[in-house]
Structures are given as structure tokens and as C-alpha cells.
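**Q** Mind looking over this structure? Questions follow.
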Amino acid sequence: MARREGFDRALPVRPLRDMTVRWNDKMNVVRRRGREYQNRMTDVQDQSRPRGRPALAPEARGEALAAAGALLAEQGLKGMKARTIAERAGLSVGSIYKLFGDIDDLVRELNVLTYRDVALHHQAALANAGLDAGDVHGRLMVLARAYLDFIINNDARWRALLTFNRRNSGEAPRYYTQHEDELFHIITDVLEPAPGLDGLEARETAARAIWAAVHGIIVIVLPNARYADPVATAMAQIEMIVGAFIRDAAARR
């Protein structure tokens, strides 16, 4: 039987070690290219992904303040919870703290708005009354009635303000206490023509004393069911106190 040419010659056999090395080299190239591709994709994703949390819309603060103000008017300080405010405003709880720092800072902002409303209410009452500046008694009674009306219409807001101030006495920032001072300045200005109250310090002390008396009468008389007309009763008692104060100041002149 004829043999094929060269068939009987042994085929060259490459060493197993060389084949293994070459295979590993190819796999290393594949792995390197795979890593390079993953890195490129990661870079693209990082460039398209927003950094941090999305910024709050410019109107978010106003919406949160309006929601908190409505809750304060409805529930007083009981409604001043971050989660409740956030749900009403359509925001996250974290956004409330991001916008205002803490709930006390938020309540102070609402109280500043209340102070401003009280001041505008009293100034409008004086302007509408049109009394001469020398009629100190009459103008004080106008302020007293304006205060009574404000409390009737904004009871939760005003009680929240007074309760908050009592809980945080001695801790209020200066910008906050200035609004309270400006409210008392309205009474101080009305007292300026009163005989016996020539000094500013005396008028400032008198303004706070009159307010304390008026406030005390209102909060005691208005909720008392024994009075047929609590408003009329309160105003009659206030007039007694105001009249006595003015006469006493003039007598000590």
C-alpha cells in the first residue's frame, strides 16, 4: 500500500505552555477592552446624572409659608409639625427644614406676619376714626376696640404668637423683638399728648401697662358665658381702666 507523501512525518506540536500564555494574552486584551467600555459608559452616565438633590422651585418657600400660615390659623401651634406642613404644601419633610432651618424659625416668620397685620389693623383703625391727636382717651379706645376685633377674627394666630413668645422668652433674635416694639410704638405715639407722660420712658411703660390691662380684660370676658354681650362688657371695663389711667397720670403731673 503506497504511503502518502509526508503523511507519515510527525506533525509539529507546540508546547502547551506557549498555547496557555497566548490564550491568556488574548483574554487579557478582551478584559481590558471590556473595562475601557464600562468606564466610558460610566463617564457618560455621570455626566448626565444630576448632582445632589434637585433644587427647590423658587416659589416653594412661599407655598410652604402659606401652607404653614393656614395651619396656624386653623390649629395654632399644634399644627406646626414639619410633616403636616410638608403634606399641605406638597413638599418633602426635608424640604421644610432646608427652607426654614427648623420649626421655630418658621413660626417666627409667621409671627412676624401676624405682628405686621396687627400693626396695619390698628393704624387703619386710627386713620378711619379721624380723631384729633389730643383726644388721647378716644384714640386709646379705638386701639382697644381694634385689638378686640383682631383677637376675635384671628384668635388662633394671636394665641400662637403669645404662647410661642412665652415658651421662648429670652431667646428671640433682635429682628423679631423689633416687630413687637414697633407695635407698642403705636400706643406710645397716641400717649404723647397725654398730661403727665412727658418722657419717652414713661410712655413706653404706660403703653405696656395699658396693653396688659386691655388684653387681660379681653381674654377673661370674651369667653365668659355669663355676659349677654361680652364685647360690650369688655369695652365698658376697658374704658374704666383707660379713663382712670389718664386721670391718674394727669394728677401726678
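**Q** Would you confirm, using the coordinates I've provided, whether LEU161 is crowded, with 19+ Cβ neighbours inside 10 Å, in the same structural domain as VAL242 (by TED's automatic domain parsing) and in a helix (DSSP H, G or I)? Working first, answer last.
**A** On the way: crowded, with 19+ Cβ neighbours inside 10 Å: yes; in the same structural domain as VAL242 (by TED's automatic domain parsing): yes; in a helix (DSSP H, G or I): yes.
Judged against the criteria, LEU161 is a match.
**Q** Of the numbered conditions (1) assigned by TED's automatic domain parsing to the domain that holds ILE220; (2) surrounded by 17 or more Cβ atoms within 10 Å (Cβ to Cβ), ALA133 satisfies every one except a single condition; which is it?
**A** Going through (1) assigned by TED's automatic domain parsing to the domain that holds ILE220; (2) surrounded by 17 or more Cβ atoms within 10 Å (Cβ to Cβ) one by one, ALA133 breaks only (2).
**Q** Pick from LEU77, LEU106, LEU110: which is closer than 24 Å to SER169 by Cα, in a helix (DSSP H, G or I) and touching a Ser or Thr at 6+ places or on another chain (Cβ under 9 Å)?
**A** Checking each option against the conditions leaves just LEU77.
**Q** Sticking with this one: Being of a type in the set (A, V, I, L, M, F, W, C) and free of Cβ contacts under 8 Å to residues at least 24 places away in the same chain is the requirement here; does ALA228 meet it? I'd like the intermediate steps shown before the answer.
**A** Numbers: of a type in the set (A, V, I, L, M, F, W, C): yes; free of Cβ contacts under 8 Å to residues at least 24 places away in the same chain: yes.
Considered against the rule, which asks whether it is of a type in the set (A, V, I, L, M, F, W, C) and free of Cβ contacts under 8 Å to residues at least 24 places away in the same chain, ALA228 comes out as yes.
**Q** Now, a different point. Give all pairs with beta carbons closer than 9 Å in which a residue from segment 71-85 that is within 14 Å of ASP155 (Cβ to Cβ) meets a residue that is among the aromatic types (Phe, Trp, Tyr); count only pairs at least 6 apart in sequence or on separate chains.
**A** Listed pairs, sorted by first residue: LEU77/PHE164.
The values are calculated or read from the model by the stated rules, or taken from the named source; none is laboratory data. Keep in mind it's a predicted model, so treat the numbers as computed, not measured. Using ideal geometry, Cβ is built from the backbone for each residue, glycine included, and neighbour counts are taken over all protein chains shown.
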